[in-house]
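*Asks:* One structure coming up, written as structure tokens, with questions to follow.
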Amino acid sequence: MVLGIETSCDETAAAVVLGGTDVLSSVVASQLDQHARFGGVVPEIASRAHVEALPHVTARALEQARVDYSRIDAVAATVGPGLVGALLVGVAAAKATALALDVPFVGVNHLEAHLYAALLDAPDAEFPMLFVLVSGGHTLLVEMRDAHSYRVIGQTIDDAAGEAFDKVARFLGLGYPGGPEIDKAAQRGDDSAIAFPRAMLHDGLDVSFSGLKTAVINHVRANPGVSTDDVAASFQRAVVDVLVHKARRAAKEVGARTIALGGGVAANSLLRREMAAAGAQDSRAVVLASREMCTDNAAMIASAAWYRLARGESTPLDAGANPNLKLGTGQK
Ligand code: KG4
Ligand code: ZN
């Protein structure tokens, strides 16, 4: 029974997970309204909000799971990547709780946890798996040979997919977070109206979105009367084309039986539709995690920790947070 805590960005979350996959509770308190008027996450506000929310969120997670602290076998928290001040709130709380309960503390890589989030939603998914992690901070293509080993085989060389959505939405005056707003506007627009570039489409498995963002800005400046809905639709189509194209190529290279989609951008309606269609065409299963599991939560933290504990690993109490933690290679 693992108590997981997540405070890497603007979501304060706690969850209780039994045996790695049985989610007894998953509580997420969003700070979105505290950051929205600034058009992005303000680190100092995030840290303070975590301090305020975490005790209640943790208490609620235990309550909803109908367990008390005496039943908890380990306490896990995200140690990176993320905002350092925000991470430290969860890490300090998890360590203190582990110390008080005399149980192991497990420091979890947030990106690794996103991989386990997809498995929580699809426990019977077959390996090898190609995991496409598309969030506000990351765009990664990850090969998973089994539940314990993974390898990054492609990533963005500049902006993350979600970051591109957020920056373009902001430029178009569509509000924050931009992804859902572009998704909505795109449904009213014509996605073939403007031929935006698909960068690096034919070389390797890495992606790049910064040129696309610049192309959008240049196009709108040169055509002030252009329909915002058409721009949104054409931009979204370009991002989705690239992601689906790279995912297909990567899946073929690793012989994936399954393609899994995770991270906030996995909520995008066109991306979900096109990835499902591509999977059907190539005879690969496609796991589209639920919105709750795509976005930041603590059940995925507890689950990732369980897999580490199962391999006999835990984290010393003097370990700190690492805001730049990378997703390396999972050990077996
Ligand atoms: O994974 P997430 O909740 O937070 C982290 O970045 O860790 O991802 C948030 C990102 C934001 O950039 C947001 O604009 C994007 O996911 N997003 C979307 C959609 N919903 C959220 N992007 C495109 N279409 C959506 N429907
Ligand atoms: Zn995340």
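The values are calculated or read from the model by the stated rules, or taken from the named source; none is laboratory data. Just so we're clear, the structure is a prediction, and the values are computed from it rather than from any experiment. All Cβ positions, even for glycine, are placed from backbone atoms using ideal geometry, and neighbour counts span all protein chains on display. Surface areas here come from the heavy atoms of the whole protein model, side chains and all, with no ligands, DNA or RNA. Shrake-Rupley method; radii C 1.70, N 1.55, O 1.52, S 1.80 Å.
*Asks:* Looking at A299, H110, Q281, which one has the Cα that reaches farthest to the positive end of the dipole of the chain (charges on Cβ: Lys, Arg +1; Asp, Glu -1)?
*Replies:* Checking the options against the dipole of the chain, the answer is Q281.
*Asks:* Follow-up question, since we're still on this one. Explain nothing, just the number: dipole magnitude of the chain about its Cα centre with +1 on each Lys and Arg Cβ and -1 on each Asp and Glu Cβ, in debye rounded to the nearest 20. Don't jump to the answer; show the numbers that get you there.
*Replies:* Numbers: 29 positive and 37 negative charges, 94 e Å.
So the magnitude is around 460 debye.
*Asks:* If the reach is capped at under 12 angstrom between alpha carbons, list the aspartates and glutamates near K213, excluding any in the same chain fewer than eight residues apart.
*Replies:* D158, D159, E163, D166
*Asks:* May I ask for the angle, rounded to the nearest 10°, between helix 299-310 and the longest principal axis of the chain, with both axes built from Cα atoms and the value confined to 0 to 90°?
*Replies:* With both axes taken from Cα atoms, the answer is about 60 degrees.
*Asks:* Computed from the mean reciprocal separation of all distinct C-alpha pairs, what Kirkwood hydrodynamic radius does the chain have, in Å? Before the final figure, lay out the partial values.
*Replies:* Numbers: mean 1/r = 0.0495 Å⁻¹.
Evaluated on the chain, it is 20.2 Å.
*Asks:* Please pull out the direction-averaged projected area of the range 55-146, using the convex hull of its alpha-carbon atoms, in nm² to one decimal place.
*Replies:* Details: hull surface 29.1 nm².
Convex hull of Cα atoms, orientation-averaged projection: 7.3 nm².
*Asks:* Rounding to the nearest 10 and keeping the result within 0 to 90°, find how far the Cα-based axis of helix 161-171 lies from the longest principal axis of the chain.
*Replies:* Between the helix axis and the principal axis of the chain, the angle is about 60 degrees.
*Asks:* Would you mind working out the accessible area per residue for the chain, using a 1.4 Å probe, and quoting it in Å²?
*Replies:* 41 Å²
*Asks:* Starting from the Cα of D190, step 7 Å toward the Cβ, then list every residue of the range 212-243 with an amide N under 17 Å from that point.
*Replies:* Within reach of a label on D190: 220, 223-238.
*Asks:* Considering the options S25, V84, L101, tell which one lies farthest towards the positive end of the dipole of the range 1-141, charges being +1 on Lys and Arg and -1 on Asp and Glu at the Cβ, about the Cα centre.
*Replies:* The one lying farthest along the dipole's positive direction is V84.
*Asks:* Hey, another quick one. Please express the shape of the range 144-198 as an equivalent ellipsoid: the semi-axes are the square roots of 5 times the eigenvalues of the C-alpha gyration tensor, given largest first in whole angstrom.
*Replies:* Taking √(5λ) for each Cα gyration eigenvalue gives 29, 14, 12 Å.
*Asks:* Within the accessible area of the chain, what % is carbon and sulfur when the probe is 1.4 Å and the other protein chains stay in place?
*Replies:* In the chain, the share of accessible area belonging to carbon and sulfur is 51 percent.
*Asks:* Dipole size in debye (nearest 20) for the range 129-187 around its Cα centre, Lys and Arg Cβ +1, Asp and Glu Cβ -1?
*Replies:* On the way: 5 positive and 8 negative charges, 7 e Å.
Taking the Cα centre of the range 129-187 as origin, the dipole is about 40 debye.
*Asks:* Can you spot the lysines whose alpha carbon is less than 27 Å from K95's alpha carbon? Ignore those fewer than 8 places along the same chain.
*Replies:* Candidates past the 8-residue exclusion: K326, K332.
*Asks:* Give the aspartates and glutamates whose C-alpha is closer than 20 Å to that of K252, dropping any in the same chain fewer than 8 places away, or say none.
*Replies:* Leaving aside aspartates and glutamates fewer than 8 places away in the same chain, those within reach of K252 are E126, E143, D146, D203, D206, D241, E274, D282.
*Asks:* Within the chain, what is the longest stretch that has no GluC sites (Glu not before Pro) placed in a DSSP loop and near at most 14 other beta-carbon atoms within 10 Å?
*Replies:* Excluding the exposed sites themselves, the longest stretch runs over 127-312.
*Asks:* Below 8 Å between Cα atoms, with a sequence gap of 6+, how large is the relative contact order for the chain in percent? Walk me through the intermediate numbers first.
*Replies:* Values: 746 pairs, mean separation 83.9, N = 332.
It comes to 25 percent, rounded to a whole number.
*Asks:* On C-alpha positions alone, give me the angle between the axis of helix 228-254 and the longest principal axis of the chain, in degrees, nearest 10.
*Replies:* Long axis of 228-254 versus the principal axis of the chain: about 60 degrees.
*Asks:* I'd like to know how the range 98-190 sits against the 2.2 N^0.38 Å rule of thumb: what's its Cα Rg over that expected value?
*Replies:* Taking N as the residue count of the range 98-190, the ratio is 1.42.
*Asks:* Here's something else I'd like to know. Divide the volume of the convex hull of the Cα atoms of the range 178-332 by its number of residues and quote the answer in cubic angstrom per residue.
*Replies:* Per residue, the Cα convex hull of the range 178-332 comes to 155 Å³.
*Asks:* Roughly what % of DSSP beta bridges within the range 65-179 run antiparallel, to the nearest 5? Present the calculation step by step, with values, prior to reporting the outcome.
*Replies:* On the way: 12 of 17 bridges.
Around 70 percent antiparallel, to the nearest 5.
*Asks:* Beyond 17 Å, what share of the Cα-Cα pairs of the range 292-332 remains, rounded to the nearest whole percent?
*Replies:* 51 percent
*Asks:* A follow-up question, please. Quickly estimate the mean residue ellipticity at 222 nm for the chain, helices only: each DSSP H run with n ≥ 4 gives -39500 (n - 2.57), and the total goes over all residues, rounded to 500. The partial results should precede the final answer.
*Replies:* Values: 11 runs with 149 residues, N = 332.
Using -39500 (n - 2.57) per qualifying helix, the result is -14500 deg cm²/dmol.
*Asks:* Roughly how compact is the range 244-324, stated as its Cα Rg over 2.2 N^0.38 Å to two decimals?
*Replies:* 1.40
*Asks:* Next question, about the same structure. Please work out the FRET efficiency for the pair T214 and S269, using the Cβ-Cβ distance as r and a Förster radius of 25 Å; give the result to the nearest 0.05.
*Replies:* Working: r = 25 Å, r/R0 = 1.01.
In this case the efficiency is close to 0.50.
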